[in-house]
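Worksheet: the structure to be examined is printed underneath.
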Amino acid sequence: MNRDSILRAASIGTPRPTKTPAGLAPGWRRCLCAALLCSVLASSHAAEILIIQSRPGEVQDAFVAAFGAGLKPGKSHRLRIASLSGPDPVAVAGADLVVAVGAAAARAAATGNDAPVLAALISQQEATTLRTQAGNRRLGAIVLDQPMLRTLRLTRLVAPGARRATALFGSENTAAESQFRLNAKRVGLIPETTRIDDEGQLGAALDRLLQSNQVLVAVPDGQIFNRNTAMSILLTSYRYRTPVIGFSEAYVRAGAIAAVFSAPDDIGRQAAEWVNEMSDFAQLADQTREPRYFRIAVNDRVSQALGLETQDAEAIAQAIRSEERRP
Amino acid sequence: MQPCRAPRAARTAMCLAALSMPLAVVAADDAMFFEAVPLVLTASRLPQAAADAPAPITVIDRQLIDDSGFTELHDLLRLVPGFMVADWAGGSPTVANHGLGDAYGRRLKVMIDGRTVNNPFWGNVDWQDLPLRVDDVERIEVVRGPNGAAYGANAFQGVINIITRSARTESGTAVTLRAGHREANEVAARLSGPRTEALAWRISASRRTADNFMPYEGESGEKIERSVANLQIAIQPTLRDELHLQAGATTGFNLSGVVGSLSDPFGKTRIGRNYLQLGWTRTLGPESELSLQYHHQDRSERKSWAIPFRGIDIPTDLDLDSRRDDLELQFTQRLSPAWHILLGAGLRHDAVKSQRYFTANDDFGGTQWQLFSSVTWRPSERLAVNLGGNLEHHYFSGKLFSPRAAVNYRLDHYASLRASTGISYRAPQAWESRSFETVGEGGRVLAIGYWAALPLQPERVRFVELGFAGRIATLSLDLDARVFREAYDNYIDDQACRFASGNCGFAAPPGYVGAPPSYSGTLNKSYVFYFGNNGAVTTTGAEFRADWRKPGWGRVVLSQAFVNIENTGLPGQDIDLEASAPDSMTSLLIAAELPAGWRASLGFYHATRMKWLNDGDVIPSHGRTDLKLSRRFGKTGRESEFALTLQSLEGDYADFHEGNYLHESGVLASLKLAW
């Protein structure tokens, strides 16, 4: 360890999210959520929205709090909250809409009842699987995967000198791969992709791709990017002096140069807006929506080590938003 | 949530079983987006950014190592501004910074992955024995000035930290074959485990031979052979913890010396070296970490016990054994956006044994401890103030405190001005403090070599420097420049003193005792080498480094140092000190990417006239140009490569001692196959 590595700037190394992801401590948020739901429950003639959490915790509670806060005050909804991981079975009957938080809740809800299901905090791959399982049931989904174009715009802004961008995909993630190739060209990058069947192929694939590409885009795929592979991916990429664009704040803290991501609050807010749009839950659109609200995190230490001059996270977010507003 | 739990449905409820989903599935949904990931590129894993460092830093990265064409570690330091490198036949190559270099370069602290590898007896570095091949190096971070505040005594003229490639960045197998001028042959193999497993490992082994010097007019030649085996294991038991194990061994021999010489008899010296390093690191944040590291290393020299001298064989014990055990605890923490702190403690035990050098069969050395700390305060975005200090108790020098103060002022995001000042020490080594080197037969002493008869003070340097480090992103250019002043005193000199006249090569130090009475009449050599604090010099100079790289084209790295040394001590001190650095040193490396996997690089190294001290001598102004041509082939990313390097296109040049050693031009071919 370098004993002189202490002079780094305060901002360096700590990702710079455009907003803090959680405004309140988890405990407070739970209380707020509880109070909010209790007050909504008082209305007895309203349509019932059953929120099923896969596993209550900081992430899913933040979603619930933002969802509750985002519902239009004029509409009288009856909110009920349940947890899959609790000791009691979850009673679904009577619910006019099920909001399933997390993949486990979404799977259970999509297969276990007739009410329309709005699934959130799930991946695109999960949403695709759910849709095949849901049959004729109404199923709306808000995924955590950012639009590929948004991720590639971030790539362009963070590594403006890069000409070639690469990404790794699991063997079943063909849709994302074609999206990557298509959108990379839209932002002026030459894409190179590879598909791998298991983790054992990851090392060789990284060596091959990193030698000829100037940026690695981590596309959400649990088969490839997980806590077990992070060490190897980030160290190998750094060895090739290739920046990694991540998909979560944690990945930026770990060593990705930047990421575009949505916090649970952002998805909760979007879910509430979707509910507010509807006059009848039975008409829930069978759609998979990408995140509307997003944040940027930048790792200054890594960008400096790679000799890249990155903008402030907020400036990058603004630049992407203005590009997205353009027709 | 309990107060709001909905009443259990009395209706015909369709119930979702609470535990119908296994936990692993639950963790697999949003986990990917929200799960904690181990912090990988933390401050300690990234090279120090020159613009943020409180000291002048040069990083020799992997690309530069490849382009240089150098296959020996010490040669890579030719790329560092102000660094001087030489080789001689009587021992290891030697490296110094800004002068004061001699056969046993001991004023630089050298580490491999944080493990100090300086020899406990000479204080120098046995570059040829290090259980490490150039191919295994990820990068070398060099502090180009005194840094006792961070690393303690002996980080005197600089610190060299060699960082090896992580087992997590390699997989597969590689075999390297190398053949060159004067039997410089090498065969090496590396085998790495899958890099995505929680346990990453690498085994490497190599065997190398070289005729470094041919015997010439009574001067020693040097032929070496080394076999090296190395094991690296990294385990990640939790997201925050990592355990490291490294172990290695070197065996081989040096064939050197002069027939009939008492001090350097011709023969084969067998070398054995082992090390074990264990480390635990807990990552507490991107800039916060706790680490505990232990290492053991030992080294042995075994040489023929019979010195042929004037027709008879004199049985003499020429063995030299040393060992070191070292434990270090270090804690870094960002306390707030403005404050960062580093705290550490170390404990080390050194032991050296040599009948020849101590005329005793005891261990010499001792236990030393150190406490170090560094605090950085950033009162504004632009300004950083660093205060550091190292308090230690050295077994030869007692308590020493090395302080440093540095101020960095950011001009923009990637450029800063730096001013730093401080004091560093060099504690005398075992041979300077305790040696009484004798060669004899039975009880009859024929010659005395080194004799540490006088108590010594540690060498001291007080330094001040002003520097600029930054990056011009639009030009892809990194710049580093500084001016410095280093005032040395208590310089430890070793000079021949003649018994008969009392004449030393320098003013006889107080306490000079002449020939030991008990040996009078038996000595075949009329002088000894005494050590004394005898010299003070002030070194001033300027140096810069420009590093320009363009993907698809290549890279140009230019380093330049101007050094001036002035004697500031008492009359009678060695006047050669003033000549111990070239006035000007230049290195230029140009690398070009060519089509079809070809790459060409040209290295030019030039130094004006200088004098290596003690066993060394004058080296006239000389230049050396190396040319490397390489081609990568096979599966992309697997790094199979063929390379041809032409060294010293200008022809032979004098090395270390103009009259004694010539560095010949040569050709080196290598083939690396990886799969």
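Quick note: the coordinates plus some simple rules give every number you see, no bench work behind them. Here the structure is a predicted model, which is why all the values come from computation and not from measurement. Here the Cβ positions follow ideal geometry from the backbone for every residue, glycine too, while neighbour counts run over all protein chains shown.
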message = Taking just the alpha-carbon atoms of region B:269-346, what radius of gyration and Dmax come out, in angstrom?
response = 22.8, 75
ask   = Taking region B:293-352, which chymotrypsin sites (Phe, Trp or Tyr not before Pro) meet the DSSP loop condition and have no more than 16 other C-beta atoms within 10 Å?
value = B:TRP305
note = For region A:142-148, in residue order, the Karplus 3J(HN,Hα) values (coefficients 6.51, -1.76, 1.60; θ = phi - 60°; whole Hz; Gly and Pro = x) are 10, 8, 8, 5, 6, x, 4
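Note down the magnitude of the dipole of region B:173-282 about its Cα centre, charges +1 on Lys and Arg C-beta and -1 on Asp and Glu C-beta and zero elsewhere, to the nearest 20 debye.
With Lys and Arg at +1 and Asp and Glu at -1, about 440 debye.
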inquiry  = Let me spell out the model: positive unit charges on the Cβ of Lys and Arg, negative unit charges on the Cβ of Asp and Glu, origin at the Cα centre of the protein assembly as shown. What dipole size does that give, in debye rounded to 20?
reply    = 3020 debye
inquiry  = Taking every DSSP beta bridge with both residues inside the protein assembly as shown, roughly what % is antiparallel (nearest 5)?
reply    = 85 percent
Charge-dipole axis of the protein assembly as shown as Lys and Arg at +1 and Asp and Glu at -1 on Cβ define it, positive-most pick from A:ILE224, B:TYR450, B:LEU191 = A:ILE224
query = Between the DSSP loop rule and a limit of at most 16 other Cβ atoms within 10 Å, which trypsin sites (Lys or Arg not before Pro) in region A:57-166 are left?
reply = A:LYS75, A:ARG163
task = Taking each pair of different alpha-carbon atoms in the protein assembly as shown once, compute 1/r for the pair, average those values, and report the inverse of that mean as the Kirkwood hydrodynamic radius in Å to one decimal.
result = 31.4 Å
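Under the definition of Cα pairs under 8 Å and six or more residues apart, what whole-number percent is the relative contact order of chain B?
Numbers: 1883 pairs, mean separation 73.8, N = 675.
Dividing the mean separation by the residue count of chain B yields 11 percent.
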ask   = Can you pull the Kirkwood radius for region A:42-199, inverse mean 1/r over Cα pairs, to one decimal in Å?
value = 17.8 Å
ask   = Using modelled amide H (1.01 Å from N, peptide plane; none on Pro or chain starts), what sits under 5 Å from the amide H of B:LEU454, excluding residues fewer than 5 places away?
value = B:PHE531
query = When the C-alpha atoms of region B:575-645 are aligned to their principal axes, what extent does each axis show, in angstrom, from largest down?
reply = 58, 21, 16
request  = Send over the semi-axes of region B:99-189's equivalent ellipsoid, whole angstrom and largest first, taken as the square roots of 5 times the C-alpha gyration tensor eigenvalues.
outcome  = 28, 18, 10
message = Rg/Rh for chain B to two decimals, with Rh computed the Kirkwood way over all alpha-carbon pairs.
response = 1.02
message = Considering all projection directions equally, how large on average is the shadow of the alpha-carbon convex hull of region B:299-380, in square nanometres?
response = 8.5 nm²
key: For region B:342-421, the Rg and Dmax computed from alpha carbons only, in angstrom   = 19.7, 61
key: Coordinate range along principal axes, alpha carbons of region B:160-226, Å, largest first   = 58, 28, 14
query = How long are the semi-axes of the ellipsoid equivalent to region A:170-301, from square roots of 5 times the Cα gyration tensor eigenvalues, in whole Å, largest first?
reply = 31, 17, 14
remark   = Under the Karplus relation with 6.51, -1.76 and 1.60 and θ = phi - 60°, whole-Hz ³J(HN,Hα) for region B:206-222, x at Gly and Pro, equal 8, 9, 9, 10, 6, 9, 5, 9, 9, x, 8, 6, x, 8, 5, x, 8
message = Nearest 500 deg cm²/dmol is fine: what mean residue ellipticity at 222 nm does chain B get from its DSSP H runs of n ≥ 4 alone, each adding -39,500 (n - 2.57), divided by its residue count?
response = -1000 deg cm²/dmol
query = Using +1 on the beta carbon of Lys and Arg, -1 on that of Asp and Glu, and nothing else charged, what's the dipole of region B:401-462 about the Cα centre, debye to 20?
reply = 340 debye
query = Residue farthest toward the positive end of the dipole of chain B, with Cβ of Lys/Arg at +1 and Asp/Glu at -1: which of B:ASN564, B:VAL439, B:ALA36?
reply = B:ALA36
key: Relative contact order of region B:120-199, defined on C-alpha pairs under 8 angstrom at six or more residues apart (%)   = 22 percent
key: region B:428-492: radius of gyration over Cα atoms, expressed as a fraction of 2.2 N^0.38 Å   = 2.15
note = Under the Karplus relation with 6.51, -1.76 and 1.60 and θ = phi - 60°, whole-Hz ³J(HN,Hα) for region B:284-291, x at Gly and Pro, equal 9, x, x, 10, 9, 7, 10, 9
remark   = Beyond 32 Å (Cα-Cα) in this structure, taken from B:LYS353/B:LYS399; B:LYS268/B:LYS635; B:LYS223/B:LYS672; B:LYS109/B:LYS268; B:LYS303/B:LYS672, we find B:LYS268/B:LYS635; B:LYS303/B:LYS672
request  = Provide the FRET efficiency to the nearest 0.05 for the A:ARG164-B:LEU239 pair, computing r from the beta carbons and using R0 = 30 Å.
outcome  = 0.40
task = Please provide three numbers in whole Å: the alpha-carbon extents of region B:52-123 along the principal axes, with the largest listed first.
result = 34, 30, 24
